[in-house]
Amino acid sequence: MTIAGWVVALVLTGLAAYLDRRARRRAELVARACHELRGPLTAAGLALYAAGRRSEAPPRRIAAVDLQLRRAELALTDLALAPSGGRARDRLETLKVATLLQAEAESWREVAWAHGCDLVLAEPVPDVVVRADGRRLSQAAGNLIANALEHGAGAVRLGARIDGDRVRIEVSDDGPGLAAPIAALSRPRGARGRGLAIVSDVARRSGGALQSAPSARGARLVIELPAAS
Amino acid sequence: MQYDDNATILVVEDDDATRTFLADNLTADGFELLVADCAKDGICLMETKYPDLALIDVGLPDGSGLDLVRRVRDADGLASRVDPRTPLLLLSGRDSELDRIRGFERGADDYVCKPFSYPELRGRVAALLRRSGQRPRTGRLRVGDLTIDPASREVTMRETRVDLSAKEFALLRTLATEPTRVFTKEELLRGVWGFRSMGTTRTLDSHACRLRKKLSVHGDQFVMNVWGVGYRLVDGVAG
């Protein structure tokens, strides 16, 4: 009995040491990957700033690319903190929804064209503002647009409207519609389902929710957020 | 935004793209730029060009930017050509609290993690330059007909070069930072020779005597002995 106990203890100690080594190795690989990503992102940000001051691209295009770079930086910070179970701290700001959607539309227009879709930005409601981290909201809106371009068809419409004290950011398409309820689709399924899980998480952390809305055809997804004054 | 004083900034960064675009933006903002892609060239430029501020990447091919910071801070600023008070801003891909603390412990004035926003970096640079505006400038010093160029370590008297030893030069440069002020012997022994306690003043006196002679070829008296106290530099043109 005593010998068996020693053997079990030895095996458990060995297993713990193995798991610890593996976790350290994984954390080191993540740290290296993050380190390697920082250089190109820094250079790209500086190049974009220089291009902006030389008017080498329209300001809207510069703002759109800048938003995508900031989104990538946020993902990088999330990745760096993932081994310790953390994530980048939210930077809350008062955001004009119209400005955010304009930048998203500008970012995704070429991608939409490659998918054979039209990306239509509805006339934005002026002065609609929300209190959120712009980079996170860009993550959420970007994932909805990417899903619509991949799974939808025809036109992908992007818009926002105010509903009482709530702001509804909507992305709709002309595709076959959602294959399952939104709650089920927001749970990661193997390599799929992460996009909607991210959108749902961002909406929840910003005091809102991801919803699907009735639609005559295709999918119509809504990020509902509290309106800010 | 343009900076009127044309401050010179040294960028020590091994990544070509980051170095180039950073230099582009800083130049467009009116700064004079010096660039190096390794620690060796960086220290060389600090010794010869006396930048007003240095942006130093932590990961350099021939050593850590942290070592470069330590080397600058350890310089005595006199016999060594590097100005140890140069504002130093570290750029790093590592953004943990421990990394930042390590940077500050080595002597960095600021620490910015990559990727950074250029406007924020520019703001930090401006703040450091503003704070360092009070420190004595490291450019050419003039006292009457005497000119001291710390960058080239050249001393000229009425456009004639005066050859000085390293300690004589360091002594002269110290006195020239505040002309007419009397520097005590203790101050000079500590600042120029690095003595921690007041020992014999013979070394100082003999160097001061040689310096006085070398500068008085035209009968001028630049180095004045204040008996029992120390030395001071005056515009001692011969009458």
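The values are calculated or read from the model by the stated rules, or taken from the named source; none is laboratory data. The model shown is predicted, which means the values in this text are computed figures rather than measured ones. Don't worry about glycine lacking a Cβ; one is built from the backbone with ideal geometry, like all the others, and counts go over all protein chains shown. Note: areas computed on protein heavy atoms with side chains; ligands, DNA, RNA excluded. Shrake-Rupley method; radii C 1.70, N 1.55, O 1.52, S 1.80 Å.
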I need a count of the residues in the stretch B:4-37 that are buried (at least 22 other Cβ atoms within 10 Å of the Cβ) and at the interface with chain A (Cβ under 8 Å from one of its Cβ atoms). 3
(1) in a helix (DSSP H, G or I); (2) within 12 Å of another protein chain (Cβ to nearest Cβ) all hold for A:Ala82 apart from (2)
Which one is nearest to B:Leu68 (Cα to Cα), of the residues in the stretch B:99-125 that are open to solvent by less than 70 Å² (accessible area, probe 1.4 Å), of a type in the set (A, V, I, L, M) and away from chain A (no Cβ under 11 Å)? B:Ala108
Checking A:Ile182 against (1) in contact with a strand residue (DSSP E or B) (Cβ under 9 Å, 6 or more places away or on another chain); (2) closer than 24 Å to A:Val128 by Cα, the condition it does not meet: (2)
Looking at A:Pro214, A:Pro226, A:Pro126, A:Pro176 in this structure, which one is in contact with a Lys or Arg (Cβ under 8 Å, 6 or more places away or on another chain), in a loop (DSSP other than H, G, I, E, B) and either open to solvent by 40 Å² or more (accessible area, probe 1.4 Å) or of a type outside the set (Gly, Ala, Ser) (or both)? A:Pro214
Hits in the stretch B:148-161 (condition: touching a strand residue (DSSP E or B) at 6+ places or on another chain (Cβ under 8 Å) and open to solvent by 20 Å² or more (accessible area, probe 1.4 Å)): B:Asp149, B:Glu154, B:Thr156, B:Arg161
Confirm whether B:Arg212 is open to solvent by less than 70 Å² (accessible area, probe 1.4 Å), touching a Gly at 6+ places or on another chain (Cβ under 9 Å) and assigned to a helix (DSSP H, G or I). no
Given (1) modelled with pLDDT of 90 or more; (2) open to solvent by less than 60 Å² (accessible area, probe 1.4 Å); (3) over 24 Å from A:Ala148 (Cα atoms); (4) within 14 Å of chain B (Cβ to nearest Cβ), index of the condition A:Leu74 fails: (3)
Kindly check whether there is at least one residue in the stretch B:64-76 that is of a type in the set (A, V, I, L, M), over 27 Å from B:Glu168 (Cα atoms) and either open to solvent by 60 Å² or more (accessible area, probe 1.4 Å) or over 15 Å from the mean Cα position of the chain (by Cα) (or both). yes
Restricting to the stretch A:46-66, count the residues that are within 14 Å of chain B (Cβ to nearest Cβ), within 20 Å of A:Glu110 (Cβ to Cβ) and surrounded by 14 or more Cβ atoms within 10 Å (Cβ to Cβ). 8
When the residues of the stretch B:38-63 are filtered to those that are within 14 Å of another protein chain (Cβ to nearest Cβ) and farther than 19 Å from B:Arg85 by Cβ, which remaining residue is most open to solvent (accessible area, probe 1.4 Å)? B:Pro61
Among (1) in a helix (DSSP H, G or I); (2) open to solvent by 40 Å² or more (accessible area, probe 1.4 Å); (3) under 20 Å from A:Ser215 (Cβ atoms), where does A:Leu149 come up short? (2)
Quick one: would you say B:Leu88 is modelled with pLDDT of 95 or more and either under 26 Å from B:Val192 (Cα atoms) or more than 14 Å from chain A (Cβ to nearest Cβ) (or both)? yes
Residues to consider are B:Thr174, B:Thr203; find the one that is polar (S, T, N, Q), within 19 Å of B:Val82 (Cα to Cα) and assigned to a helix (DSSP H, G or I). B:Thr174
Residue ID - nearest to the other protein chains (Cβ to nearest Cβ), chosen from residues in the stretch B:126-139 that are modelled with pLDDT under 85 and either assigned to a helix (DSSP H, G or I) or surrounded by 14 or more Cβ atoms within 10 Å (Cβ to Cβ) (or both): B:Ser132
With criteria (1) part of a loop (DSSP other than H, G, I, E, B); (2) within 14 Å of chain B (Cβ to nearest Cβ); (3) loosely packed, with under 15 Cβ neighbours inside 10 Å, A:Ala88 comes up short on (3)
Tell me, which residue of the stretch B:39-66 that is out of contact with any strand residue (DSSP E or B) (no Cβ under 9 Å at 6 or more places or on another chain) and part of a helix (DSSP H, G or I) is farthest from B:Leu91 (Cα to Cα)? B:Thr48
Output yes when any residue across the stretch A:25-36 is in contact (Cβ under 8 Å) with a residue 24 or more places away in the chain and not hydrophobic (A, V, I, L, M, F, W, C), and no when none is. yes
